[in-house]
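Read through the structure below, which is laid out as structure tokens, and then see the notes.
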Amino acid sequence: MCRLFALTSKEPVSPMEAIKALDVMKEGHDGSGVGIMLRDLGGPFEEMKDAPILSGIFTEEGIRRLDLFMMDQGFMTKYKVSIKVPKTNTSGIPRRGLYLIRAYEYPEHWDGLDKGEVERRLMMTRLKIREMGEEKRDMIVFSFWPDTIMLKELGDPMDVGHYLGLDRKDLKARVIMAQGRQNTNYAIDLYACHPFFIKGFTTMTNGENTAFIPIKDFLSSRDYPGYTGYQSDSEVFAHILHYAMEGLGLGLDAYKHVMTPLQDKHLEKHPDASFLKHLKQSCRQLIIDGPNCVIGTLPDNTLFMAQDRKKLRPGVVGGRPGMFAFSSEICGLDAVIPDRDKSRDIQPMHLDTAIVSPDRQEVKICRQTEPLALPL
Amino acid sequence: MSANRTISPSSLSLKDLPWQIDWKKDRCTLCGQCTAVCPVHAIELGVFRKRNLVTSIHRVEDNQTSFETFYGIRQKTTLPEACIGCAMCAMACPNDAIEPKPNPGTPRFKFHLNQDGEPRKRGGRRNSTESLLDQIKFIRISMLTDPALDAGRHEFEMRSLLGRVLPPEENMRRLRTNGWIPPVREIYPLIIGGMSFGALSPTMWEGLQMGVAYLNEELGMPVRISTGEGGCPPRLLRSRFLKYVILQIASGYFGWDEIIHAIPHMKEDPCAIEIKYGQGAKPGDGGLLMWHKVNKLIAAIRGVPQGISLPSPPTHQTQYSIEESVAKMIQSMSMAWGFRVPVYPKISASSTSLAVLNNLTRNDFASALAIDGEDGGTGAAYSVSMDHMGHPIASCIRDNYLNLVKIGKQNEIPIFAGGGIGKNGNIAANAAALIMLGASGVQIGKYVMQAAAGCIGTEKDRCNVCNLGICPKGITSQDPRLYRRLDPETVAQRVVDLFVSFDTELKKIVAPLGRSTSLPIGMSDALGINDYAAAERLNIKYVV
């Protein structure tokens, strides 16, 4: 079972904070991979909130091909963070090319496009770079989105943190997600490392996804180019989130109703019973069966945690106004926010979605039995 | 027969018959119960002559010979009276003195079952024990990386949907605009398939209906039963129990006059309407109820004269293209119930099934597709149809499901599989395998007859006289002397036993796979088979 940690803070903090939390939860991951997602960035990126940032790993040849491709598209480099890795090898971390974090100016001919079209084009650009990279095995791309940085690498999280120099001053964020991976069924592939990202929606999960194949089949057949990949059975959680919110126009409170619908006898008593019955039936192929704890962020930097229907995975939320953290274990929370009121820690149960909105003032528990904020 | 008498080509000896009666003289009390119970009069009281020789160790003149007669059981060798292996004699015998034994050789009998140019007709099954479904194993067991669930204690929702499920976006849109949303029923994934009132005896039908009502009303299991093509008793049509019933219409339209006239009086809508275009046991052939079984009651319900054979045409006669056959008929049936009742076709598994499915995907009123494989049963058919016509169910279901996945409609048109599920007794494993290959549920017929009513048919050509109305268990007979043997209450009890035990077994299969909150439709990564070609064909794992 992997270990998850996410935080949302009023002041930008270093990703090493999250790495620190993963380190104290070391029993739960085996150094087979770590993934980090940073949003609501501080430091130099603060000044360029709208510029799309490309995160990935490139060989020298890959960088050349990337530059040619991006120039062809009309993207101009606006700012970049160069990660210099030590010359000596660190055990468990493979040597790769360049870890790239680069912000771009939009192509001029994109001016005047509406937001939806810009977002679609950003996603298509990421998919194209990924496709090119898979062809020649010279590029790996994690995200290409404004105000978002993603890093993934194999190895022990603390080692990777030092190796990549994540404690540097210009790398700070207000929303951080990190996962220490426990390799299970699938060969180690960086695309299989959490968190997973699609158009501003990010999730990371622990546990296997026993209903993976029917869910993957359903998403893959939606005729939506972003629903691809699936090197990990957990990638579908990000796509279900995106599908529910952007595809169906539902709120976050409906996410759990899609994945873990109420059983009929409870559903009938729900104030939105009729709507939920239709949702349950039409999204039947998206029902998960656990065991999963899902932590995710939305494009507006809301952070949430949702559990599977049987609550088979641990997860705790705690903090204080201005800073909240979501963790697989309480010790992870203690490592990062020791000065919180621990009596107010919350362990979301099988019906709960724990939500911290971008104002970071409180943890809101949304129970599945409560009325929905329906878009109808 | 004397050695010098003429023999005809079809004169048979006991050794030519498929079943031979083993009778033990020393145990028989000549009570006559076996000869009375035999449905085909294969045995009779026989008088046998025996010569006793007493040889002397002294003189030749002292040798003696004497004759005696004794009574016993004689097996007939005429074709209509050939033993069918039902073993009712063994069941009736108080002294275990008699039983039929299968002929281990090749019974020549088969070559002569075409007297007067009429090929063999029978009821029952394909008579083949082979089952690909039995070979499929469930290999994706949750072990430590994710916990196996507890079949006894976790919550389960083993339900399926019968009805056209709209794609989520369209469903949301129609909710917003108060548009028409097709009816969808939440049902139990094990359905009692179409066996008509007529093919089955009144006591069997009553027992099934009572069992289904109990499962629904007392145990909360939404089990559904199809009527088959033979109408529906008027009282059931006007009762609240109709909601558990799938009304079947087939090419003979038997009983539909009564059903249409009952619509204004219906307290509940039926669960669904099944339009039968074909059945797996005899694909491309219509239903058949032979004259033996068309008594006054059956004739009245079906709206036909008494004592005539009722062969349904192979296709719906007024319709000549798939557009009419499927689109118009589905639409008409939907309209008859105000678009509140799901309507779906049932077809024989065939290499052309995909064409039907593709047509259905474009028909907004099509609710599902039921596909019946070659191992389906029947009350009456030509042997050649049962033995040689048809398509195996597993690959047909898989092809159809994967086709739906390809076009993104796997949740919109549920596919139901029938034919040979549990043919060797492994009903839950067979059903789960089909569900994971892509079926939304399975239909069973023969299994219910065997488990709930003690049908003695097996895959070894045993009994198979459902067509003649002489069912020794009273399951498929219209003769009160026979069907009184079957107590409807006990049938109902066994139906409940069957479904409750199936439910436990299904949970015992899905729980270790880590599934409980939804039926694992299309969860093909759980399946493996030790046949490479089959694994490739079904797109599942090859395991040895």
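Read the figures in this text as sums done on the coordinates, not as results from a lab. Here the structure is a predicted model, which is why all the values come from computation and not from measurement. Counting neighbours? That spans all protein chains shown, and the Cβs are built from the backbone with ideal geometry, glycine included.
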Gain in length, B:ASN63 to B:PHE48, computed as 0.36 nm per residue apart minus the alpha-carbon separation, to one decimal in nm? 3.1 nm
Ranked A:HIS257, B:HIS154, criterion: other C-beta atoms within 10 Å, fewest first: B:HIS154, A:HIS257
The convex hull of the Cα atoms of the protein assembly as shown, divided by residue count, gives a volume in Å³ per residue of 223 Å³
Taking a crude spin-label model, label points 7 Å out from Cα along the C-beta direction, the B:ASN4 to A:GLU105 distance in nm is 12.2 nm
Distance-filtered residues of the range B:130-173 - backbone nitrogen under 13 Å, label point 7 angstrom along A:LYS265 Cα→Cβ: B:155-157
Note, B:LYS121: beta-carbon cut-off 15 Å, +1 each Lys/Arg, -1 each Asp/Glu, net +2
Hey, with R₀ at 51 Å, roughly what FRET efficiency would B:LEU297 and A:ALA373 work out to, going by the Cβ-Cβ distance, to 0.05? 0.30
Extension length gain for B:LYS137 and B:ASP364 (0.36 nm per residue less Cα distance), in nm, is 78.1 nm
At what distance in angstrom do the alpha carbon centres of the range A:269-313 and the range B:330-350 lie from each other? 33 Å
Any of A:LYS256/A:LYS364; B:LYS282/B:LYS446; B:LYS24/B:LYS50; A:LYS20/A:LYS49; B:LYS15/B:LYS76 with alpha carbons more than 19 Å apart? Name them for me. A:LYS20/A:LYS49
Calculated from DSSP H runs of 4 or more alone, at -39500 (n - 2.57) each and per residue, what is the 222 nm mean residue ellipticity of the protein assembly as shown, nearest 500? -7500 deg cm²/dmol
Rounded to the nearest Å, the spacing of the alpha-carbon centers of the range A:33-53 and the range A:176-234 is 21 Å
Report the FRET efficiency, 1/(1 + (r/R0)^6), for A:ASP170 and A:GLU60, where r is their Cβ-Cβ distance and R0 is 22 Å, rounded to 0.05. 0.40
Sequence of A:LYS310, B:LYS137, B:LYS406 once ranked by neighbouring C-beta atoms within 10 Å, starting from the fewest: B:LYS406, B:LYS137, A:LYS310
Within chain B, longest stretch clear of exposed chymotrypsin sites (Phe, Trp or Tyr not before Pro) (DSSP loop, no more than 13 other Cβ within 10 Å): B:321-544
Loop only by DSSP, 16 or fewer other Cβ within 10 Å of the Cβ. Give me the trypsin sites (Lys or Arg not before Pro) in the range A:237-269 that pass, ordered by residue number. A:LYS269
Do you know the relative contact order of the range B:14-104, to the nearest whole percent, from alpha carbon pairs under 8 angstrom that are 6+ apart? 44 percent
So what is the relative contact order of the range A:50-146, in percent, for Cα pairs below 8 Å that sit 6 or more residues apart? 48 percent
Restricting attention to the range B:152-189, which trypsin sites (Lys or Arg not before Pro) occupy a DSSP loop and are surrounded by at most 14 other Cβ atoms within 10 Å? B:ARG153
Nearest-20 debye value, the range A:50-146 charge dipole, Cβ charges on Lys, Arg, Asp, Glu: 620 debye
Listed by chain and number, the residues whose amide H is under 5 Å from that of A:THR77, excluding neighbours fewer than 5 places away on the same chain and using placed H, are A:GLU105
Starting from the Cα of B:SER351, step 7 Å toward the Cβ, then list every residue of the range B:279-302 with an amide N under 20 Å from that point. B:279-285
A correct fewest-to-most ranking of B:CYS396, B:CYS31 by other Cβ atoms within 10 Å would be B:CYS31, B:CYS396
Separation of alpha-carbon centers, the range B:9-41 and the range B:159-222, rounded to whole Å: 46 Å
Subtracting the Cα-Cα distance from 0.36 nm times the residue separation, let me have the gained length for B:LYS24 to B:ARG240 in nm, one decimal. 72.3 nm
Which Cα, out of B:ALA336, B:ALA429, B:VAL384, lies furthest along the positive dipole direction of the range B:304-435 (beta carbon charges, K/R +1, D/E -1)? B:ALA336
Which residues' amide hydrogens lie under 5 Å from the amide hydrogen of B:LYS276, considering only partners 5 or more residues apart or on another chain, with H built in the peptide plane? B:ILE249, B:ALA250, B:LYS346
Value of relative contact order over chain B, rounded to a whole percent, pairs C-alpha under 8 Å and six or more apart: 19 percent
Environment charge at B:GLN75 (Cβ cut-off 10 Å; Lys +1, Arg +1, Asp -1, Glu -1): -1
